[in-house]
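S.K.: There's a structure below that I have some questions on.
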Amino acid sequence: MVQSPTEKPAILAEAARLRALFEAAGAQPVEAPILQPADLLLDLYGEDIRARAFTTSDPLHGEQMLRPDFTVPVVQMHMAGGADPARYTYSGEVFRRQEDDPERAREYIQVGFEVFDGANPARADAEVFAVIARALADVPLRAAVGDIGILIAAINALSTSARRKAALLRHLWRPNRFRALLDRFGAAEPTARRAKLLALDDPFEGAGPEIGLRSRAEVEARLAILRDDANAPPIPAVQVELLDDLMALRAPAPAALSRLQDVAVDMPAIVPAVDLFEARLAALSDQGVDLRSLEFEGSYGRTTMEYYDGFVFGFYAEGRHDLPPVASGGRYDALTRVLGQGRAIPAVGGVIRPDLVLMLGAGT
Amino acid sequence: MTFKLGVPSKGRLMEKTFDWFADHGITLARVGSEREYSGVVSGIEGVELVLLSAGEVPRELAAGHIHMGVTGTDLVREKLPLWASQVKELAPMGFGQADLVIAVPDHWVDVETLDDLDAAAAAFRARHGFRMRIATKYHRLIRTYLRLHGVADYQLVDSQGATEGTVRQETAEAVADITSTGETLRANHLRMLADGPVHQSQATLFQSLTAPCDDASIAAKEQIKARLGLRD
């Protein structure tokens with residue numbers, strides 16, 4: 001997917017067309033610096049961002065990253081004094097390191113549409129999806145949707161300690177660790193290794209001297225937590241099964257709704273999240289979206305690095321598993337909460353890749 | 001075209017490499033002064049010996065500047081993200097064994113596994129306001145490993161030497177480094193996690209998959225492989 005010099009003008013023209021559509025949908029055009037301070041991105045995304053973003057050093061401003069997306073600068077700009085409600089659009093290069101696949105683009109254009117409007121979240125979700133779907137109407141694509149909010153509600157509904165719920169929520173976006181935690185919390189007994197440690201009269205006997213910043217008091221505090229946790233009853237198997245069902249659910253949106261409503265009978269705490277899902281489907285239908293064409297995937301959005309915590313969606317080229325999504329997005333209230341140091345602003349948005357639109361459009 | 005063989009330029013690694021080739025009837029030798037990095041290969045026509053730091057061998061193989069080279073599998077995996085498409089492992093050489101491990105202070109009795117490390121990192125970040133620091137020079141290998149296992153709330157800090165000392169100096173909370181016997185870790189009151197090593201490395205003869213070749217270099221390669229008892 002290395003572009004030839006003659007392709008770039010066509011991609012820029014397509015980007016301009018998409019941005020004009022977003023402006024016509026009420027969005028204000030905005031720009032963002034290409035160089036972003038690395039410390040904020042590292043704080044948000046952790047060490048993994050280093051595998052995805054190009055880092056460069058600035059003798060005066062410290063480590064900088066070439067923007068891996070526009071979300072963070074747009075949220076910051078909005079929080080620093082945007083109108084409320086607000087709709088934004090942008091168009092420009094983003095930069096991604098590709099450590100595994102030399103065929104994947106290291107720089108490409110994203111055209112985005114972001115809505116900061118807390119009045120009616122279901123309607124804002126549907127608006128973003130529909131505006132993007134209309135912009136892609138001429139390209140044969142498959143749409144997948146998910147709802148991280150339902151998974152969060154289901155985790156909060158588990159009969160277990162607040163600490164275990166927090167641990168599961170922290171790793172919702174890391175499926176391997178999440179699975180390991182869920183298996184551990186669902187087991188009746190701690191592992192033999194753990195039981196042995198906790199049975200010791202003096203766990204520090206024979207251990208080395210206290211070195212480093214993490215103090216003995218911190219180790220003792222965690223041992224106390226482990227003892228407490230060892231006595232916690234396991235998460236009931238029936239609840240683990242329900243959570244597994246939710247994560248494995250794949251069905252066209254209307255069928256998924258009725259399945260979610262069935263699960264909500266056994267797990268009443270997810271009713272508000274399922275109601276929101278239903279309201280979103282109604283709003284999507286109002287926007288003219290054919291609900292039967294939406295494939296609901298219970299785990300959709302769990303492997304991205306974004307802070308999506310509600311509605312998530314992506315548009316894919318049918319039969320082209322080699323391609324990244326042509327468009328993707330979702331609700332990221334959690335990101336605004338982190339960036340706003342507690343002050344959250346409901347936000348939902350999505351991006352389109354004009355290079356892929358052109359490539360797929362040209363083939364039809 | 002001259003066939004280029006890259007080997008470590010000094011120390012025990014160089015000596016053992018020379019011995020290993022000698023055992024297979026190929027004599028390698030340095031020429032000139034101690035400070036001059038050039039050498040000769042006797043016994044096979046058309047082979048030039050290139051003396052390099054072991055750390056440079058992966059890059060030179062990937063760039064096709066040398067046809068074969070001796071280095072550790074850890075360095076190849078760290079420095080070449082697409083190593084399997086750029087180089088081919090011809091023969092493990094039976095020395096230079098080292099495990100890349102993650103180690104924590106021994107007094108962290110609550111941290112036995114990656115699972116514990118992750119939980120301790122979360123608590124550490126909440127308490128100290130920054131992510132737990134792991135000192136290493138194997139950034140890519142460690143980051144890939146920790147991402148695969150879903151460990152969060154850590155950061156890697158670069159350490160090109162004396163990594164085991166970083167914990168005592170409080171420039172890192174944990175380390176990820178190579179160890180052959182674990183002696184240096186123990187001397188610094190560090191203990192490796194029970195999950196086992198991130199990677200087990202040893203000195204290995206690699207072939208470049210990108211180096212240009214002609215009849216002469218192919219003939220030289222075939223001769224070397226025949227002496228080593230290797231087939232394609």
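The values are calculated or read from the model by the stated rules, or taken from the named source; none is laboratory data. The shown structure was predicted, so the numbers you read here are calculated from the model rather than taken from an experiment. Methodologically, a virtual Cβ is constructed for each residue, glycine included, from the backbone with ideal geometry; neighbour enumeration extends over all protein chains shown.
S.K.: Do you know which residues across the stretch B:115-141 are hydrophobic (A, V, I, L, M, F, W, C) and touching a Lys or Arg at 6+ places or on another chain (Cβ under 9 Å)?
M.R.: B:ALA119, B:ALA120, B:ALA121, B:ALA122, B:ALA123, B:PHE124, B:MET132, B:LEU141
S.K.: Would you check which residues across the stretch B:1-56 are closer than 23 Å to B:GLY161 by Cβ and either touching a Cys at 6+ places or on another chain (Cβ under 8 Å) or among the hydroxyl-bearing types (Ser, Thr, Tyr) (or both) and list them?
M.R.: B:SER9, B:THR17, B:TYR37, B:SER53
S.K.: I've got another one for you. Tally time: how many residues in the stretch A:9-48 are farther than 20 Å from A:ALA347 by Cβ and within 14 Å of another protein chain (Cβ to nearest Cβ)?
M.R.: Of the residues in that region, 6 qualify.
S.K.: Looking at B:THR179, B:THR210 in this structure, which one is among the β-branched types (Val, Ile, Thr) and surrounded by 19 or more Cβ atoms within 10 Å (Cβ to Cβ)?
M.R.: After ruling out the rest, the residue left standing is B:THR179.
S.K.: Still on this structure, I have one more. Say whether the condition of being in contact (Cβ under 8 Å) with a residue 60 or more places away in the chain, among the aliphatic types (A, V, I, L, M) and not assigned by TED's automatic domain parsing to the domain that holds A:TYR307 is met by at least one residue in the stretch A:174-190.
M.R.: yes
S.K.: Ok, one more. Would you mind stating whether B:LEU5 is in a strand (DSSP E or B) and either in contact (Cβ under 8 Å) with a residue 40 or more places away in the chain or crowded, with 21+ Cβ neighbours inside 10 Å (or both)?
M.R.: Yes: the conditions hold for B:LEU5.
S.K.: Another question, then. Are any residues in the stretch B:145-186 of a type in the set (S, T, N, Q) and away from every other protein chain (no Cβ under 11 Å), and if so, which ones?
M.R.: Passing the criteria: B:SER159, B:GLN160, B:THR163, B:THR179, B:SER180, B:THR181, B:THR184.
S.K.: Let me ask you something else. Sort out which residues of the stretch A:229-243 are in contact (Cβ under 8 Å) with a residue 12 or more places away in the chain and assigned to a helix (DSSP H, G or I), and write them in order of number.
M.R.: Answer for the stretch A:229-243, where residues must be in contact (Cβ under 8 Å) with a residue 12 or more places away in the chain and assigned to a helix (DSSP H, G or I): A:ASP229, A:ALA230, A:ALA237, A:VAL238, A:GLN239, A:VAL240, A:LEU242, A:LEU243.
S.K.: Please state which of the following conditions A:ALA180 fails to meet, knowing it meets all the rest: (1) more than 14 Å from chain B (Cβ to nearest Cβ); (2) closer than 30 Å to B:LEU117 by Cβ.
M.R.: Status for A:ALA180: all satisfied but (1).
S.K.: With A:TYR308, A:TYR316 as the choices, which residue is crowded, with 24+ Cβ neighbours inside 10 Å and hydroxyl-bearing (Ser, Thr, Tyr)?
M.R.: Matching residue, one of A:TYR308, A:TYR316: A:TYR308.
S.K.: Another question about this same structure. Looking at the stretch B:115-144 only, could you name the residues that are surrounded by fewer than 20 Cβ atoms within 10 Å (Cβ to Cβ), touching a strand residue (DSSP E or B) at 6+ places or on another chain (Cβ under 8 Å) and within 8 Å of another protein chain (Cβ to nearest Cβ)?
M.R.: B:HIS139, the sole residue that qualifies.
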